[in-house]
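The values are calculated or read from the model by the stated rules, or taken from the named source; none is laboratory data. In this text, all values refer to a predicted model and were calculated from it rather than measured experimentally. Don't worry about glycine lacking a Cβ; one is built from the backbone with ideal geometry, like all the others, and counts go over all protein chains shown. All accessible areas refer to the heavy atoms of the entire protein, side chains included, with ligands and DNA or RNA removed. Shrake-Rupley method; radii C 1.70, N 1.55, O 1.52, S 1.80 Å.
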Amino acid sequence: MEKHLPISDNEHVSLDQILKDYAREYVPETKQWTSSLLKETTYDALKYEFTVTFNNDKKYKYTKFMPEKYTAFCQAESQGKFFLAEVRDTYKDGRWKCI
């Protein structure tokens, strides 16, 4: 049975439709960094993908990157140091690829 949310007294929209509409309008968050290591990052919260562009223009995509880790990365005093300590070595198990 599909769940519906009331829009007005006579209209209902399914939760599935709301999620599809949100996904269609969703744009991953991209940030520029002033760092000796990192140029830019993009985080896709729907896919749990974290893409890092280094200052040498190499790009790496990290999968299964949870929102809590992304928040900690953004709030770190140094994103480069956080990346080296918490991302690079943690994802040696194949959850990354050069793109």
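Taking 0.36 nm per residue of sequence separation and removing the Cα-Cα distance, the Glu29/Asp57 pair yields an extension gain of 8.2 nm.
Could you state the accessible area per residue of the chain in Å², with a 1.4 Å probe and every protein chain left in place? It would help to have the intermediate numbers written out before the result.
Numbers: 7190 Å² over 99 residues.
Averaged over the residues of the chain, the accessible area is 73 Å².
Under 24 Å of direct C-alpha separation, and excluding same-chain neighbours fewer than eight residues apart, Lys59 reaches these lysines: Lys31, Lys39, Lys47, Lys69, Lys81, Lys92, Lys97.
Distances between placed amide hydrogens fall under 5 Å for Trp96 paired with Thr63, all partners being 5 or more residues away or on another chain. Available extension along the chain between Lys20 and Tyr48 is 8.4 nm, counting 0.36 nm per residue and deducting the alpha carbon span.
Counting only alpha carbon atoms, the long axis of helix 15-25 and the longest principal axis of the chain meet at about 40°.
Based on DSSP H segments of at least four residues, each scored -39500 (n - 2.57), the chain has a per-residue ellipticity at 222 nm of -6500 deg cm²/dmol.
Rank-order 65-78, 37-50 by packing density, defined as the average count of other C-beta atoms within 10 Å over each peptide's residues, highest first.
Details: 65-78: 13.5, 37-50: 17.2.
Highest mean packing first, the order is 37-50, 65-78.
If you wrap a convex hull around the Cα atoms of segment 12-67, how much volume per residue is inside, in Å³?
Numbers: hull volume 5.1 nm³, N = 56.
Per-residue hull volume (Cα only) is 91 Å³.
Given the convex hull over the Cα atoms of the chain, what projected area results after averaging over all orientations, in nm²? Present the calculation step by step, with values, prior to reporting the outcome.
Details: hull surface 35.5 nm².
For the chain, the mean projected area of the Cα convex hull comes to 8.9 nm².
Accessible area of the chain with a 1.4 Å probe: how many percent of it is carbon plus sulfur? Carbon and sulfur atoms account for 51 percent of the accessible area of the chain.
Each Lys or Arg adds one and each Asp or Glu takes one away; over the other residues whose Cβ falls under 12 Å from the Cβ of Gly80, this sums to +1.
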